[in-house]
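Structure record follows, encoded as structure tokens.
The values are calculated or read from the model by the stated rules, or taken from the named source; none is laboratory data. Since we're looking at a predicted model, the values are computed, not measured. Please note: Cβ atoms are built from the backbone with ideal geometry, for glycine as well, and neighbour counts cover all protein chains shown.
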Amino acid sequence: MDKDVQEGIDKAQVLLRSGEPEAALKLLLALKSSAQEHRELDLNLAMIHRRLGELTEAIAALDRVLAQDPYSFMALLSKGSILEQKGLVRGAAEVYKNALKIAPPVDRLPSALHRPVEQAQRVVQTQNTLLYQDLKTHIDGYLGTEANDEVRSRLEGSLELLTGRSRLFHSQAIQLQYPGLPAVPFFDRSHFPWLPQLEAESGSIKQELTTFLQNQRGGFSPYVAYAPGTPENQFAELNHSTRWQSLWLWKDGLAQTDVQASFPKTSELLKSLPLCHQPGFAPTALFSALAPKTRIPPHTGSTNVRALVHLPLILPGPAHFRVGNKTRSWRYGEAWVFDDTIEHEAENDANETRYILIFDVWNPFLSEPEKAAITELLQRHRAWLRSQ
């Protein structure tokens, strides 16, 4: 039967190329009566029905294909195109979305399908923009002045995901992933009531840093410094590079007393803050220097049980920072706290070096017993690794 059907399809295609779509349709319908489930036959029926302007019948044929194979790229792409032709653009966009999810890479896509796929992308993008505008207007009106900034931010993020304006980023810790903690790119300031105290001391911290730099005391070293044989991955360009350097006040929980001697006010201030204390692991506190026109590539940090604080100190020009879908520009003396296990990247667009203070604190969603237990877990893990 398959051989007869294929021969019939071949004959129908010849008739179609010869300008006889009615004869081709008649031939395929005769075959259809004896071959109820045949995807290739229904795909060709859909094409001929569409050529004859019988769009409802064309969609019915494509639906038969999709009933057998919901992942038929050609059936989805064709159905979206026909719905668009019928003026059902919103429905077309939804079908196109499914087609684009399973579309082959461009270099493996037949040239004849390049334009249809590009059209599908245009329709989806346009409809997503219109949907976003409609939903945002409606939700803003619904919320009024009742919702706080954190709620609005989460709703905004949901709208962006729903309408394809952004993609979802998960927490991906390199060392320890602690389940159940929300993946929050930038934490709400209310979790850290001491931030104003930190920001108020920006001038004194900057003065100590400026004095240190003017005295040419050295101390800064490449932030990325892998041992030979270590996979460099995205940091190959910055490995052992002076374009991204650091000066440590605390490193893996150990106070760098020689450096701290040059930063007495900064060190005392940090000691007064609720740093993340884990012997052998934290706190970590450092000055980060990013050279002009330098980009730190997307990466993730070691564990989500901590959060990182950034305090911008020397900003000679534009510099921005992205965590997940959220991008912010650094401003002198304005701190933020973020989850560095969510993909993040930084860029200094200025013509001079950018300096910020970085240190870690506990994730604000952890309880005190959890903090103690996590510290014990990490220390036991390290002891186990070193025991043989």
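Determine, yes or no, whether A103 is surrounded by 13 or more Cβ atoms within 10 Å (Cβ to Cβ), touching a Phe, Trp or Tyr at 6+ places or on another chain (Cβ under 7 Å) and in a loop (DSSP other than H, G, I, E, B).
Working: surrounded by 13 or more Cβ atoms within 10 Å (Cβ to Cβ): yes; touching a Phe, Trp or Tyr at 6+ places or on another chain (Cβ under 7 Å): yes; in a loop (DSSP other than H, G, I, E, B): yes.
Taking the combined requirement at face value, the residue satisfies it.
Filter the stretch 257-279 for residues that are in a helix (DSSP H, G or I) and touching a helix residue (DSSP H, G or I) at 6+ places or on another chain (Cβ under 8 Å) and give the result.
Q260, P264, K265, T266, S267, L269
Output the residues belonging to the stretch 327-362 that are closer than 26 Å to Q175 by Cβ and acidic (D, E).
Passing the criteria: D339, D340, E343, E345, E347, D360.
Just for the stretch 214-227: of the residues that are over 26 Å from E345 (Cβ atoms) and assigned to a loop (DSSP other than H, G, I, E, B), which one is modelled with the highest pLDDT?
Step one: list which residues in the stretch 214-227 are over 26 Å from E345 (Cβ atoms), which gives 214-218.
Filter again for assigned to a loop (DSSP other than H, G, I, E, B), leaving 215-218.
Numbers: N215: 88, Q216: 74, R217: 68, G218: 75.
Only one residue fits best here, namely N215.
Condition (residue is assigned by TED's automatic domain parsing to the domain that holds E347, touching a strand residue (DSSP E or B) at 6+ places or on another chain (Cβ under 9 Å) and part of a helix (DSSP H, G or I)) applied to the stretch 238-256: is it met by at least one residue?
No, the stretch 238-256 has no match at all.
Restrict the check to the stretch 51-65 and report whether at least one residue is charged (D, E, K, R) and surrounded by fewer than 13 Cβ atoms within 10 Å (Cβ to Cβ). Reasoning before the result, please.
Our first condition is that a residue be charged (D, E, K, R); within the stretch 51-65, this holds for 51, 54, 57, 63-64.
From what's left, surrounded by fewer than 13 Cβ atoms within 10 Å (Cβ to Cβ): none.
No, because not a single residue in the stretch 51-65 is charged (D, E, K, R) and surrounded by fewer than 13 Cβ atoms within 10 Å (Cβ to Cβ).
L273: modelled with pLDDT of 95 or more, touching an Asp or Glu at 6+ places or on another chain (Cβ under 7 Å) and under 28 Å from G203 (Cβ atoms), yes or no? Show your work before the answer.
Numbers: modelled with pLDDT of 95 or more: yes; touching an Asp or Glu at 6+ places or on another chain (Cβ under 7 Å): no; under 28 Å from G203 (Cβ atoms): yes.
Answer is no for this residue.
Go through (1) closer than 30 Å to L159 by Cα; (2) under 27 Å from the mean Cα position of the chain (by Cα) for L109 and report which single condition fails.
Answer for L109: the failing condition is (1).
Please give the number of the condition P193 fails out of (1) within 15 Å of V361 (Cα to Cα); (2) part of a helix (DSSP H, G or I).
Answer for P193: the failing condition is (2).
Of all residues in the stretch 287-298, how many are crowded, with 17+ Cβ neighbours inside 10 Å and closer than 23 Å to G324 by Cβ?
Taking the stretch 287-298 as the starting set, the residues that turn out to be crowded, with 17+ Cβ neighbours inside 10 Å are 287-290, 294, 296.
Okay, now just the ones that are also closer than 23 Å to G324 by Cβ, so 288, 290, 294, 296.
So the count comes out to 4.
Do any residues in the stretch 110-123 that are under 13 Å from S78 (Cβ atoms) and in contact (Cβ under 8 Å) with a residue 40 or more places away in the chain have Cβ atoms under 6 Å from those of residues that are surrounded by fewer than 16 Cβ atoms within 10 Å (Cβ to Cβ) and among the polar types (S, T, N, Q), where the two are at least six apart or on different chains, and which pairs are they?
none
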